[in-house]
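Undergrad: Below you'll find the structure I mean.
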Amino acid sequence: MKALSILRQEHSALTAVLHGLQFLAGQIERGEKCDIRVLRAMLFYIDSFPDRFHHPKEDGYLFPTIQKRTGAADAVIAKLEEEHHQGMLAIRVVEQRLLHYEEGGAAYAMPLVQSLHDYIEAYRRHIRTEEEVLLPIAEQVLLPEDWRELGEVFSGHLDPLLGLDARQGFDRLFTHIVNIAPPPLGVGPEA
Ligand SMILES: [Fe+2]
Ligand SMILES: [Fe+2]
């Protein structure tokens, strides 16, 4: 099903960026040199891509379609919607602490590392809940016409804001992150 594979692909890209953030948080925590440019690019991606392209698919289309077919997912959907909102607030905290770290140096490292760990863990848990709890319910209750419509919306055939053209910039940004991130994260120069 196209809609499912689009959601899972987006979760994979987000998971890759979360893995990258964890690697960089580890470098900062150990007092090692960390490429702030890569950290900033990853934060920009994870701050803007889900908000513009991923969460609208879930909040605006997937969740209401599931709720049209069953009430069994109401509680988990309320929790996931709240987590989308909390995630937006949590990334602001990370960005603010990064500024403190850049200006104030090592004394500000641990608050930044802590906010990164909290953010990464919460986001991973969120994705796990969607993949392991919500999507299996969707697979049980959605009808073929629901999947067809979600597939068309997610491919941009019905909603140009979620379309391929609009998201090309983010695909380029993801490639850019891979290109500037040093191994083992990406293919950029060694730190
Ligand atoms: Fe979500
Ligand atoms: Fe998601």
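Undergrad: Do you know which of the residues in region 1-35 that are of a type outside the set (A, V, I, L, M) and either part of a loop (DSSP other than H, G, I, E, B) or touching a strand residue (DSSP E or B) at 6+ places or on another chain (Cβ under 8 Å) (or both) is surrounded by the most Cβ atoms within 10 Å (Cβ to Cβ)?
TA: Checked region 1-35; the qualifying residue surrounded by the most Cβ atoms within 10 Å (Cβ to Cβ) is C34.
Per-residue answers, yes or no, for (1) acidic (D, E); (2) within 16 Å of ligand 2 (Cβ to nearest atom):
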{"site": "A3", "(1), (2)": "no, yes"}
{"site": "L14", "(1), (2)": "no, yes"}
{"site": "E32", "(1), (2)": "yes, no"}
{"site": "R37", "(1), (2)": "no, no"}
{"site": "G60", "(1), (2)": "no, yes"}
{"site": "Q114", "(1), (2)": "no, no"}
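Undergrad: Let me ask something else. Among the residues of region 67-109, what is the count of those that are assigned to a helix (DSSP H, G or I) and either over 25 Å from L150 (Cα atoms) or among the hydroxyl-bearing types (S, T, Y) (or both)?
TA: Total meeting the criteria: 22.
Undergrad: Also: Determine which member of the set A72, A109, A78, A41 is buried (at least 18 other Cβ atoms within 10 Å of the Cβ), over 29 Å from G169 (Cβ atoms) and either within 16 Å of ligand 1 (Cβ to nearest atom) or among the aliphatic types (A, V, I, L, M) (or both). Talk me through it step by step, then tell me what you get.
TA: Working: A72 fails: buried (at least 18 other Cβ atoms within 10 Å of the Cβ); A78 fails: buried (at least 18 other Cβ atoms within 10 Å of the Cβ); A41 fails: over 29 Å from G169 (Cβ atoms).
Step by step, each of A72, A109, A78, A41 is checked, and only A109 is buried (at least 18 other Cβ atoms within 10 Å of the Cβ), over 29 Å from G169 (Cβ atoms) and either within 16 Å of ligand 1 (Cβ to nearest atom) or among the aliphatic types (A, V, I, L, M) (or both).
Undergrad: Just to check your reading of the model, which residue among P56, P64, P136 is within 28 Å of G169 (Cβ to Cβ), within 16 Å of ligand 2 (Cβ to nearest atom) and either free of Cβ contacts under 8 Å to residues at least 24 places away in the same chain or not in a helix (DSSP H, G or I) (or both)?
TA: Testing whether each residue is within 28 Å of G169 (Cβ to Cβ), within 16 Å of ligand 2 (Cβ to nearest atom) and either free of Cβ contacts under 8 Å to residues at least 24 places away in the same chain or not in a helix (DSSP H, G or I) (or both) leaves just P64.
Undergrad: Which residues, taken from region 112-133, are in contact with a Lys or Arg (Cβ under 8 Å, 6 or more places away or on another chain), without any contact (Cβ under 8 Å) to a residue 60 or more places away in the chain and surrounded by fewer than 17 Cβ atoms within 10 Å (Cβ to Cβ)?
TA: The answer is T129, and nothing else.
Undergrad: Next up: From the list T15, T65, which one is at pLDDT 95 or above and under 23 Å from E132 (Cα atoms)?
TA: Only one candidate qualifies: T65.
Undergrad: Now for a separate question. Please verify whether Y123 is aromatic (F, W, Y), away from ligand 2 (no atom under 12 Å from the Cβ) and part of a helix (DSSP H, G or I), treating the condition exactly as stated.
TA: no
Undergrad: Sticking with this structure for a sec: All but one of (1) farther than 26 Å from A181 by Cα; (2) of a type outside the set (V, I, T); (3) under 11 Å from the mean Cα position of the chain (by Cα) hold for H54; state the number of the condition that does not hold.
TA: So H54 meets the others, but not (1).
The values are calculated or read from the model by the stated rules, or taken from the named source; none is laboratory data. All values derive from a computational prediction rather than experimental measurement. Methodologically, a virtual Cβ is constructed for each residue, glycine included, from the backbone with ideal geometry; neighbour enumeration extends over all protein chains shown.
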